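We did not get these values from a lab; they are worked out from the coordinates using the rules stated. Note that this is a predicted model, so its numbers are computed, not measured. So basically every Cβ, Gly included, is an ideal-geometry build from the backbone, and we count neighbours across all protein chains shown.
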Amino acid sequence: MEQIQVGDSKCGGGISRNDAVVSVGATTSRFDTLPEDCISMVIFHTTPRDACVVASVSRTVKSAAESDLVWEKFLPPEYSSLALPPSLDCSSKKKIYLSLADDPVLIDEGKKSFWLEKSTGKKCYMLSAMDLKITWSDSPAYWQWVTVPESKFEKVAELCNVCWFEIRGKISVKMLSKGTHYSVYLVFKRASSRSYGFDHTPIETEVGFAGKEVRKTFVFLEPSDTDPRSGYGYSGVSLAAVSRAFRTRRPWMRFPREEVEGERESGGNVEEPKERGDKWSEVKLGSFYIDDGGCEDGDEVEVAIMETRMGQWKSGLVFQGIEIRPVKEEEVTK
């Protein structure tokens with residue numbers, strides 16, 4: 001007989017995840033014979049994914065699993081103040097939840113977008129370029145604020161020409177979900193067929209809580225390619241090799257190839273951009289964890305992306321923003 005386990009914690013009646021077992025088969029299950037309100041209370045203590053799975057057990061359980069009692073718990077407290085689509089049927093809390101999972105909404109005067117991770121209900125955000133501190137962004141000679149149809153936001157930042165590349169952003173911890181591992185991504189694309197000044201150039205990144213130790217690493221903003229002079233592509237370059245190059249102020253490509261490859265097993269590789277499927281690319285900048293107790297009021301997560309050491313001029317990239325979203329469960333357990 002197949003069994004479906006429901007829930008993460010205990011319901012008011014003392015039913016735990018391991019106790020709340022639904023038996024699917026010819027025999028009517030104990031769970032299915034409970035009053036609908038009680039079934040809703042059990043599902044209330046699970047996750048959106050669990051609620052959708054258990055809804056297939058029977059009509060009674062489906063009705064309980066789709067009740068507003070269950071889905072209002074999965075919604076963030078501030079959902080009623082969000083600018084939801086006018087066409088959305090708000091009579092069902094589940095429909096509101098699915099809308100927030102499928103279609104991000106703009107908040108903070110259009111400077112951020114907000115949505116929910118569908119399977120867990122964890123909060124996700126993108127800080128638009130307008131919400132970031134970009135060095136020299138107020139000078140048209142260095143940066144242009146443009147509109148592109150594929151962006152969520154009214155304006156994005158196009159890099160014209162700079163030698164000092166620095167972007168910083170921050171978000172209040174109280175806006176994020178407790179007990180959650182988050183990853184941070186820079187979302188960008190080329191302005192034309194090719195950017196300039198980012199080939200083989202590691203970009204330094206910092207992610208961490210304001211006023212505390214931050215985690216520093218390096219990323220590339222151009223995808224793997226082959227150096228026409230050496231025939232050597234930089235895919236899989238180790239963080240150790242790049243860190244050593246920064247310490248010695250030598251371009252990492254000038255290290256002997258065998259030295260670079262020999263350090264690949266030390267500390268992982270430099271992150272490279274990946275296409276997202278929405279006409280943008282992203283590169284992972286780092287990660288952090290919000291514990292179950294949350295953090296103190298006023299705490300912020302700060303993010304920085306910069307290249308200020310090499311001095312070469314850079315151009316040709318368009319930046320939509322910084323995305324903050326929960327780490328997938330399978331990645332957390334690795």
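Stretching the chain fully between E150 and S81 yields a gain of 22.3 nm (0.36 nm per residue, less the alpha carbon separation). Ordering of 95-101, 115-121 by packing is 95-101, 115-121, highest average first (other Cβ atoms within 10 Å, averaged per residue). Hull volume per residue, based on the alpha-carbon atoms of the stretch 80-138 and their convex hull, is 93 Å³. The label point for E36 and the one for T60, both projected 7 Å from the Cα toward the Cβ, are 1.2 nm apart. Taking the alpha-carbon centroid of each part, what is the distance from the stretch 108-162 to the stretch 78-100 in angstrom? Comparing the Cα centres of the stretch 108-162 and the stretch 78-100, I get a distance of 24 Å. Between C163 and A210, full extension at 0.36 nm per residue minus the direct alpha carbon distance yields a gain of 14.3 nm. Start at zero, step by 5 Å, and the Cα-Cα distances of the stretch 279-324 spread as 4, 11, 20, 19, 18, 11, 8, 6, 2 percent across the bins.
Considering the stretch 54-175 at the alpha-carbon level, its Rg and Dmax are found to be 19.2, 65 Å.
Computed from the C-beta positions of C90 and D299 and an R0 of 30 Å, the FRET efficiency is 0.35 to the nearest 0.05.
Normalised by 2.2 N^0.38 Å, where N is the number of residues, the alpha-carbon radius of gyration of the stretch 107-225 equals 1.16.
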